[in-house]
1. For a quick check of your reading: which strands (runs of 3 or more DSSP E) sit entirely within the range 103-194 and have at least 1 residues that are among the aliphatic types (A, V, I, L, M) and without any contact (Cβ under 8 Å) to a residue 40 or more places away in the chain?
2. Looking only at the range 39-52, decide whether some residue is out of contact with any strand residue (DSSP E or B) (no Cβ under 8 Å at 6 or more places or on another chain) and either farther than 14 Å from Gln99 by Cβ or β-branched (Val, Ile, Thr) (or both).
3. Hey, any hits in the range 116-136 for a residue that's open to solvent by 10 Å² or more (accessible area, probe 1.4 Å), touching a Gly at 6+ places or on another chain (Cβ under 9 Å) and farther than 24 Å from Ser64 by Cα?
4. Name the one entry in Ala73, Ala123, Ala109, Ala131 that is touching a Phe, Trp or Tyr at 6+ places or on another chain (Cβ under 8 Å), small (Gly, Ala, Ser) and modelled with pLDDT under 95.
5. Of everything in the range 160-181 that's in contact with a strand residue (DSSP E or B) (Cβ under 7 Å, 6 or more places away or on another chain) and open to solvent by 90 Å² or more (accessible area, probe 1.4 Å), which residue is farthest from Leu116 (Cα to Cα)?
6. Considering only residues that are part of a helix (DSSP H, G or I), open to solvent by 90 Å² or more (accessible area, probe 1.4 Å) and among the hydrophobic types (A, V, I, L, M, F, W, C), look in the range 215-255 and name the one that is nearest to Arg155 (Cα to Cα).
7. When you look at Trp22, is it in contact with a helix residue (DSSP H, G or I) (Cβ under 6 Å, 6 or more places away or on another chain) and either closer than 26 Å to Asn209 by Cβ or part of a helix (DSSP H, G or I) (or both), yes or no?
Amino acid sequence: MDTSMTPTFDHLLLTQPQDDVWLITIDRPTALNALNKALLASLSQAFYWLDSLPTTKVILLTGSGDKAFVAGADVAAMQSMTALEAREFSHLGMALMHQIEACAAPVIALVNGFCLGGGCELALSCDYILASENAVFGQPEVSLGITPGFGGTQRLARSIGKGNAMQWILTGDRISAQEALKLTVCSQVFSPAELLKGGLAQAENIAKNAPHAVRFAKQLIHQGVNMSLQDGCQLETERFALCFTTQDQTEGMTAFIERRTARFSHL
């Protein structure tokens, strides 16, 4: 793809480090990449554009610099909000988090430095999280007199269980990368210098697989966790059967039998 045609978005850098793999870097370092209305809008536009490209196989999301992935929502911008303005701000953040979850391609958060409040909620909306050793997670909103507003109470409880989420959110404690790994908030921890390399390696492993199968599997996991086991398994049966209408299923199984590398076509 001709990356010279890549659109630009305020406070974001979009690069294509591998074929069909995109990296979104949140670039607002003077504010530790804090989320305000403009940045939420830019992220939404960027994800919409990438999701519209049929060749997008994996999206990586990170923050510029080594101090913060996203240090939170912009407190200075929130301080004077009315209740109606706060509701609107929450709606904007919630819409972005749902949009990321609904992306056809897998989205992996690469968390470096502070990942607090809205930043933690942003990372939790991704399909999974890879962290550097200097990552610090937390939902400290109660110390500011507010609750999480971008889905933190809901996604964190679903991720690590009600009790752990209660302790984390009600205390406002900060959690190290190793503690986050034990709680399964993140899947792996890397040295700061190896985080991007580790993310790209996993993106490459995902991108080599059949695109339809990867996208169906992502959908099944996201939808199934909110269903009964019986309904989730029925949905899995339907998606499994749908795979057999694709050229990629024929190619994948033929390549396996012929002991060669599959050449998937997105069909």
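1. Qualifying strands (runs of 3 or more DSSP E): 174-176.
2. No: zero hits.
3. No; the residues of the range 116-136 include none that is open to solvent by 10 Å² or more (accessible area, probe 1.4 Å), touching a Gly at 6+ places or on another chain (Cβ under 9 Å) and farther than 24 Å from Ser64 by Cα.
4. Numbers: Ala123 fails: modelled with pLDDT under 95; Ala109 fails: modelled with pLDDT under 95; Ala131 fails: modelled with pLDDT under 95.
After ruling out the rest, the residue left standing is Ala73.
5. Gln178
6. Checked the range 215-255; the qualifying residue nearest to Arg155 (Cα to Cα) is Ile221.
7. Details: in contact with a helix residue (DSSP H, G or I) (Cβ under 6 Å, 6 or more places away or on another chain): yes; either closer than 26 Å to Asn209 by Cβ or part of a helix (DSSP H, G or I) (or both): yes.
It is true that Trp22 is in contact with a helix residue (DSSP H, G or I) (Cβ under 6 Å, 6 or more places away or on another chain) and either closer than 26 Å to Asn209 by Cβ or part of a helix (DSSP H, G or I) (or both).
Yes/no per residue for (1) over 16 Å from Gly119 (Cα atoms); (2) out of contact with any Phe, Trp or Tyr (no Cβ under 9 Å at 6 or more places or on another chain); (3) open to solvent by 20 Å² or more (accessible area, probe 1.4 Å):
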position: His11; (1), (2), (3): no, yes, yes
position: Gln16; (1), (2), (3): yes, no, yes
position: Val21; (1), (2), (3): yes, yes, no
position: Ala31; (1), (2), (3): no, yes, yes
position: Leu35; (1), (2), (3): no, no, no
position: Ser42; (1), (2), (3): no, no, no
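The values are calculated or read from the model by the stated rules, or taken from the named source; none is laboratory data. Given the structure is predicted, the values throughout are model-derived calculations rather than measurements. Cβ atoms come from the backbone with ideal geometry, glycine included; neighbour counts cover every protein chain shown. Surface areas here come from the heavy atoms of the whole protein model, side chains and all, with no ligands, DNA or RNA. Shrake-Rupley method; radii C 1.70, N 1.55, O 1.52, S 1.80 Å.
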